[in-house]
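Asker: One structure, as structure tokens, below. Some questions next.
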Amino acid sequence: MNNRNCQKGCNHEKAGRGKRPSSFRMHDSNRVFNLLALKAGDCFLDMGCGPGDYSVEASRRVGNSGTVYALDMNPAIIEELGTMADAEGIANLKTVVADITKPLPVPDGSVDICFIATVLHIPDVSENISSVFDEACRILKPGKRLAIIECKKEEMPFGPPKHMRLSPNDIENSVQGYDLTKIDEFDLGYNYMIQFIFNPNRQPT
């Protein structure tokens, strides 16, 4: 999806793995992963993985006892990522062709971190954002997290136009009615990361 994103106006300055566009190198991704605090054995889902930079790093962090799902609707991207994973012996990375606005081939309550990086602002996704959050809540384990990285809603000489960008408030408004509670927000420079905890037993406010 990141590739389609760039066709719609997001031309990131630095390409990711395989020279395909990625936000991975637009900020300190080591800091991002330290904030995600993945542990050995965790299950990480990368929705709209693009070239798979985040997925590959996550696979290192969760170790052989963990699982990483890398989902993207572009078959060529998924094939390239799968070929690379096989060549490098990354056995815990599952690459799947999937549209994240549709039901996902991931078991209920199986994921520790559902990760969505610079994907939600894409028109086809933002128009179906409720479907994305429906699936995120279905696949997350209780007490686990949804982490979202998006472009700041500011005019910049690169990336999507301002009217396409989503502010943290836009995202918080979009999760209203879901069992998702904001726990933190981080400034990443050009981007930001916002995290929610999935609490299906929370009391209505």
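Asker: Under 5 Å between amide H atoms, partner at least 5 residues away or on a different chain: which partners does Gly109 have, H built in plane at 1.01 Å?
Answerer: Ile139, Leu140
Asker: Let me ask you something else. With only Lys, Arg, Asp and Glu charged, each at its Cβ (+1 for the first two, -1 for the last two), find how big the charge dipole of the chain is about the Cα centre; round to the nearest 20 debye.
Answerer: Here the size comes out at about 220 debye.
Asker: Return the percentage of antiparallel bridges among DSSP beta bridges fully within the chain, rounded to the nearest 5 %.
Answerer: Details: 15 of 35 bridges.
If I count the DSSP bridges inside the chain, around 45 percent turn out antiparallel.
Asker: While we're on this one: Might you tell me the accessible area per residue for segment 26-98, computed with a 1.4 Å probe and given in Å²?
Answerer: Counting only protein heavy atoms, the per-residue value for segment 26-98 is 39 Å².
Asker: Let me ask you something else. Give me a comma-separated list of calculated 3J(HN,Hα) values for segment 154-171, in order, Karplus coefficients 6.51, -1.76, 1.60 applied at θ = phi - 60°, integers in Hz, x for any Gly or Pro.
Answerer: Working through the residues one at a time gives 9, 6, 9, x, 8, x, x, x, 4, 5, 8, 6, 10, 7, x, 5, 4, 5 Hz.
Asker: Tally Lys/Arg at +1 and Asp/Glu at -1 over every other residue whose Cβ is under 10 Å from the Cβ of Gly63; what's the total?
Answerer: +2
Asker: Give the carbon-plus-sulfur fraction of the accessible surface of the chain in %, rounded to a whole number; probe 1.4 Å, heavy atoms of protein chains only.
Answerer: On the way: 4140 of 8930 Å².
C and S fraction of accessible area: 46 percent.
Asker: For segment 101-205, what is the accessible area per residue in Å², given a 1.4 Å probe and the full set of protein chains?
Answerer: Result: 45 Å² per residue.
Asker: Report the full-extension gain for the segment Asn30 to Ala87: residue separation times 0.36 nm, less the Cα-Cα distance, to one decimal in nm.
Answerer: Going from the current span to full extension adds 18.1 nm.
Asker: Given segment 46-121, report the % of alpha carbon pairs whose separation exceeds 14 Å.
Answerer: Above the 14 Å cut-off, segment 46-121 has 57 percent of its Cα pairs.
Asker: Expressed as a fraction of 2.2 N^0.38 Å, the rule-of-thumb size for a compact globular protein of N residues, what is the C-alpha radius of gyration of segment 107-205? Kindly include the intermediate steps, with their values, before the conclusion.
Answerer: Details: Rg = 13.5 Å, N = 99, 2.2 N^0.38 = 12.6 Å.
Rounded to two decimals, the normalised Rg is 1.07.
Asker: Excluding same-chain pairs closer than 8 in sequence, count the lysine pairs in segment 100-166 whose Cα atoms lie under 26 Å apart.
Answerer: Working: Lys102/Lys141; Lys102/Lys144; Lys144/Lys152; Lys152/Lys162; Lys153/Lys162.
Here the count comes out as 5.
Asker: Can you give the longest stretch of the chain with no exposed loop site, where a site means GluC sites (Glu not before Pro) in a DSSP loop (not H, G, I, E or B) with at most 14 other C-beta atoms within 10 Å? Display every interim value, and only then the final one.
Answerer: On the way: sites that count: Glu13, Glu88, Glu127, Glu154, Glu155.
The longest uninterrupted stretch comes out as 14-87.
Asker: Separate question: Taking 1 over the mean of 1/r across every pair of different Cα atoms in the chain, what Kirkwood radius in Å do you get?
Answerer: About 16.8 Å for the chain.
The values are calculated or read from the model by the stated rules, or taken from the named source; none is laboratory data. Values in this document were obtained by computation on a predicted structure and should not be read as measured data. Heads up, the Cβs are rebuilt from the backbone with ideal geometry, glycines too, and the neighbour counts pull from every protein chain shown. With ligands, DNA and RNA removed, areas are computed over all heavy atoms of the protein, side chains included. Shrake-Rupley method; radii C 1.70, N 1.55, O 1.52, S 1.80 Å.
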